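Input: a single structure, listed below in structure tokens.
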Amino acid sequence: QVQLVESGGGLVEAGGSLRLSCAVSGTFYNINAMGWYRQTPGKQRELVATISSDGETAYADSVKGRFTIFRDNAKNTVSLQMSSLRPEDTAVYYCNARPRNSKWTPRYDAWGQGTQVTVSS
């Protein structure tokens with residue numbers, strides 16, 4: 001069982017920057033992929049960025065060149081550096097991890113509670 005806690009959200013003007021962080025704690029064997037998702041009221045949650053345990057990254061087309069995801073495997077943290085923010089980036093951002101409890105059990109999705117990011121015009 002793992003727990004994810006996000007931090008770093010807030011209000012920023014268009015063109016500004018924010019850095020989100022996620023701390024993972026609890027009991028688990030290991031974690032492979034980690035990522036950030038976002039969701040606005042009445043809409044589906046969408047993938048923003050992912051990063052593997054080896055540091056391979058992938059980004060949604062809408063954030064490429066503006067956002068950077070990185071992780072610290074020793075500290076079990078994952079962060080998202082957001083630059084050149086736009087009003088359409090406004091959403092609740094959720095941290096995601098894919099842990100497993102043993103070498104022989106399947107991985108599952110673990111989610112944080114979310115942190116609000118609001119970008120003003």
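The values are calculated or read from the model by the stated rules, or taken from the named source; none is laboratory data. All values derive from a computational prediction rather than experimental measurement. No Cβ is skipped: glycine too gets one built from the backbone with ideal geometry, and neighbour counts run over all protein chains shown. We work out accessible area using only protein heavy atoms, side chains counted, and drop any ligands, DNA or RNA first. Shrake-Rupley method; radii C 1.70, N 1.55, O 1.52, S 1.80 Å.
Give the cross-link partners of Lys103 among the lysines, using a straight C-alpha distance below 26 Å as the criterion and excluding same-chain residues fewer than 8 apart. Partners within reach: Lys75. Per residue, the chain exposes 55 Å² of solvent-accessible protein surface, assessed with a 1.4 angstrom probe and all protein chains in place. Of all lysines in the structure, those lying under 24 Å Cα to Cα from Lys64, and not within fewer than 8 positions of it along the same chain, are Lys43. Across the stretch 4-18, rounded Karplus estimates of 3J(HN,Hα) from the backbone phi angles (6.51 cos²θ - 1.76 cosθ + 1.60, θ = phi - 60°) give 10, 10, 8, 8, x, x, x, 9, 9, 6, 3, x, x, 9, 9 Hz, Gly and Pro being marked x. Of the solvent-accessible surface of the chain, computed with a 1.4 Å probe over protein heavy atoms with every protein chain present, carbon and sulfur atoms account for 47 percent. Think of the chain as a dipole: +1 on every Lys or Arg Cβ, -1 on every Asp or Glu Cβ, centred on the Cα centre; then among Val24, Gly8, Tyr108, Tyr108 lies furthest on the positive end. Put a dot 7 Å past the Cα of Ala74, heading toward its Cβ, do the same for Arg107, and the two dots end up 2.3 nm apart. For the stretch 98-110, 3J(HN,Hα) computed residue by residue from phi via the Karplus equation (6.51, -1.76, 1.60; θ = phi - 60°) reads 10, x, 9, 8, 7, 5, 10, 10, x, 6, 9, 8, 10 Hz, glycine and proline entered as x.
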